[in-house]
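Every number here is computed from the coordinates shown, using simple stated rules; none is lab data. A quick note: this is a predicted structure, and the numbers were derived from the prediction, not measured. Glycine gets a Cβ as well: all are built from the backbone with ideal geometry, and neighbour counts include every protein chain shown.
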Amino acid sequence: MREYILLTDNMADLPKQWLTDHHVETVSLTYTIDGVTYTEDNGLSPEEFYEKIRQGSMPVTSQISESLAYDTFKSYLAMGKDVLYLAFSSGLSGTYQSAMAAKSVLDDKGHEGKILIVDTLAASLGEGLLVYYAAKLRDEGKSMEEVAAWVEANKLHLAHLFTVNDLFHLHRGGRVSKASAVFGSMLSIKPVMHMDDEGHLTVTGKARGRKKSLQCLVDNMHAQIGDYKNEVFFITHSDCYEEAKELADQIQKEFGIPSYMINWVGPTIGSHTGIGTIALFFLGDRR
């Protein structure tokens, strides 16, 4: 069996040290803010990025191009390694399609080795949680095909629950109307959202106030987790760590899950969600 590379993208929002320690490679989408374009390796710190958001900057993002995917795959194949790429949701980006197009070109050229690409239909540490389990299976000796099959079989059991605090940022990004932003902010309405089975972000409810919106995440977890015995859950936040930690403590108390990871919502996703986003990820009976 050929050695294979486990590859994901920076939309998985996994800490760099975790990626290094677990031998997971990444390819990066970019973001542009105040006229400067950044990559994962040459970017702003989360603190710097969210400070710019506070000051009124509005970032834009771009997907991974076919040429970048082609060059990335080709470089690993040239090392004599196969590639398993767990890609950002096709419901939110053309990155998966770019990767498939690059694979098609390489296949037509008759390269040695194999490329497998999985559309995770996931984002942020939801995608990251699938990468976490994929790395664990790889380390247990599972083949690339076996790992890919596990991800395909379980990705629609990966729950993404989140709430945002800044309706005006969603309005600036074209995701809610100005009237909804003004009215919702006046009444302290916080949308509660999730990732559907097609990999799109959808509103599932609304809560009056921040505490109630965070409680909705816990309530929805009770409704969706079913018989799944999670060994870990993940939480991301956009510059609201203390609230994220309080949520993690509550989940551990109520569900008894032994481990968790908290990390930043990265700049590329944070460009669309703004400050005050908290997202919760776990395996359950349904999304």
Problem set entry | Whole-percent pair-distance distribution, where bins are 10 Å wide, for the alpha carbons of segment 4-155 | 11, 39, 35, 12, 3, 0
For this session: Can you spot the lysines whose alpha carbon is less than 25 Å from Lys109's alpha carbon? Ignore those fewer than 8 places along the same chain.
Result: Lys74, Lys81
For this session: Starting from the Cα-Cα distance between Met1 and Lys52, subtract it from 0.36 nm times their residue separation and give me the gain in nm to one decimal.
Result: 13.6 nm
Exercise. For Lys103, which aspartates and glutamates qualify as cross-link partners when the Cα separation must be under 18 Å and same-chain residues fewer than eight apart are set aside?
Worked result: Asp9, Glu25, Glu66, Asp71, Asp82, Glu112, Asp119, Glu145
Exercise. Which of the peptides 69-76, 57-64 is most tightly packed, and how do the rest follow, going by the mean number of other Cβ atoms within 10 Å of each residue?
Worked result: 69-76, 57-64
For this session: Have a look at Thr30, Asn42, Ala244 and report the one farthest towards the positive end of the charge dipole of the chain, computed about the Cα centre with Cβ charges (Lys/Arg +1, Asp/Glu -1).
Result: Ala244
Exercise. Counting every Cα pair in segment 37-84, what percent are over 11 Å apart?
Worked result: 76
Exercise. For the peptides 143-154, 114-125, what is the packing order when you average, over each peptide's residues, the other Cβ atoms within 10 Å and list the highest mean first?
Worked result: 114-125, 143-154
Exercise. For the charge dipole of the chain, defined by +1 on Lys and Arg C-beta atoms and -1 on Asp and Glu C-beta atoms about the Cα centroid, which residue among Leu14, Ala153, His194 has the Cα displaced farthest towards the positive pole?
Worked result: His194
Exercise. Can you run phi through the Karplus equation (6.51, -1.76, 1.60; θ = phi - 60°) for segment 33-42 and list ³J(HN,Hα) in whole Hz, with x for Gly and Pro?
Worked result: 9, 6, x, 10, 9, 10, 10, 4, 7, 9
Exercise. On the first, second and third principal axes, largest extent first, how far apart are the outermost C-alpha atoms of segment 221-278 in Å?
Worked result: 35, 20, 17
Exercise. Quick one: if you stick a label point 7 Å off each Cα along the C-beta vector at Asp197 and Gln215, how many nm between them?
Worked result: 3.1
Exercise. When each pair of different Cα atoms in segment 84-142 is counted once in the 1/r mean, what is the Kirkwood radius in angstroms, to one decimal?
Worked result: 12.5
Exercise. Listed highest first by mean packing, meaning other Cβ atoms within 10 Å per residue, what order do 212-218, 272-278 come in?
Worked result: 272-278, 212-218
Exercise. Given a cut-off of under 8 Å on Cα pairs at least six residues apart, what relative contact order in percent is computed for the chain?
Worked result: 21
